[in-house]
1. Taking θ = phi - 60°, what integer Hz values does the Karplus form 6.51 cos²θ - 1.76 cosθ + 1.60 yield along segment 295-302, in sequence order, with x for Gly and Pro?
2. Just the Cα atoms of segment 294-345: what Rg and Dmax do they give in Å?
3. Percent of alpha carbon pairs in segment 268-378 separated by more than 25 Å?
4. Over all Cα pairs of segment 72-114, how is the pair count split among 5 Å bins, expressed in % and running from 0 up to the last occupied bin?
5. State to the nearest 20 debye the size of the charge dipole of segment 203-320 about its Cα centre, where the only charges are +1 on K and R beta carbons and -1 on D and E beta carbons.
6. Apply the Karplus parameterisation 6.51 cos²θ - 1.76 cosθ + 1.60, with θ equal to phi minus 60°, to every residue of segment 182-197 and state each ³J(HN,Hα) to the nearest whole Hz, in sequence, with x for glycine and proline.
7. For segment 260-336 and segment 70-118, what is the centre-to-centre distance using only Cα atoms, to the nearest Å?
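Bear in mind these aren't lab numbers, they're just calculated from the coordinates by the rules spelled out. Bear in mind that the values here come from a model prediction, so they are computed numbers and not experimental data. Cβ: placed from backbone, ideal geometry, glycine included. Neighbour counts: every protein chain shown.
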Amino acid sequence: MAGLGGQTLRERRSPHSKPRYTRAVAETAIRSVEPIEGLIAAAQAGDNEAFRHITEPYYRELHMHCYRMLGSFHDAEDAVQETFVRAWRGLATFQSRAQFRSWLYKIATNACLRQIERRPSRVLSRQYGPPADPTLPPSPPVSEIVRLEPYPDLLLGDQQTSSPDPETVYILRESMELAFLAAIQLLPGRQRAALLLRDVLGWRASEVANLLECSVASVNSALQRARANLAERLPPGEEDSASRVVSVAAERSLVAQYMGAWEEGDMNALAAILREDAVLTMPPASTWFQGRAAVAAFFHSLCFSQIRKRFRVLATRANGLPACAAYERDADDGPYTFNGIMVLRLEGNLVAEITGFGDPYLFRSFGLPEILDPDETP
């Protein structure tokens, strides 16, 4: 995310039963041809189906907003679920059709702010301590480290292509990058909300002030502090995304080589496609590694030094970046079980950063199998 100290993202071109919502239901995004006033009136009278029709089209964008606020795919699901429950319960007080989307955003943002208030203050792993010894096992998760979860690109597709405006698509992509998401998790909740609503969603200061129930001056002040804090906290190398452009062919080649290195257990081959200053982080572990040799040595020590583990790797994408889903074989003749996701940031036709996510349940949100048959071809 470039130059946020002086530029915004948009200035950078290139009382009845509770309805329960799931992603599978929401993805249908049924849009009614009936006037929305009639649907709102029907929903206010207790019609669950009418309420579903007027809220489902907003599910994905609200989920992405909550994800940016919280850095967690699953916490964002909880926040959107809470948003719809609160909207259902409070629908009787809603009156203005023109502000329905804003009303949902207000409920969602406040749900996120409540979650943020309950969290301890956190830092990035690179701020927690120096790079670790690659011959030692990683540290366990610690509460002081920012917790992130990857966001599947397959759920970004409709949001990326639904706008004809290239600038809007560019902003969406930039605002979902892991470096940006990690950095904004360090901001106070209201600064975070002001930045996202103004610079990502493009709301006017008066609209943000209404949502946060404060003055326009307060919003502008929070936004100025958020931009300054964010510019200081983005890691080196994130200021100019243009320098990180990699061709499609080069990306495919690098990902194939990365996957092959893991499946062959060849960390020398992996080291060959890493930048000299490559970084490996594994949030929420405090352990991190810097340098081609250190990253390769850690992977070798962890997975291939004593008992050689066997892996299968599938290509996927997360947060607009190439990613690999790793599957570890349980036994010599057993299946391969999902182990986690590695998100790759490429730069100069090499891998510049690896962010590892060891959540064994991530396969669900990525639409991946939990088990791979050893006899099946990927």
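1. 5, 5, 5, 5, 4, 5, 5, 6
2. 12.4, 36
3. 22
4. The calculated distribution, bin by bin, is 6, 24, 32, 22, 10, 5, 1.
5. 320
6. 5, 5, 6, 5, 8, 7, x, x, 6, 5, 4, 5, 4, 5, 5, 5
7. What the calculation gives is 38 Å, centre to centre.
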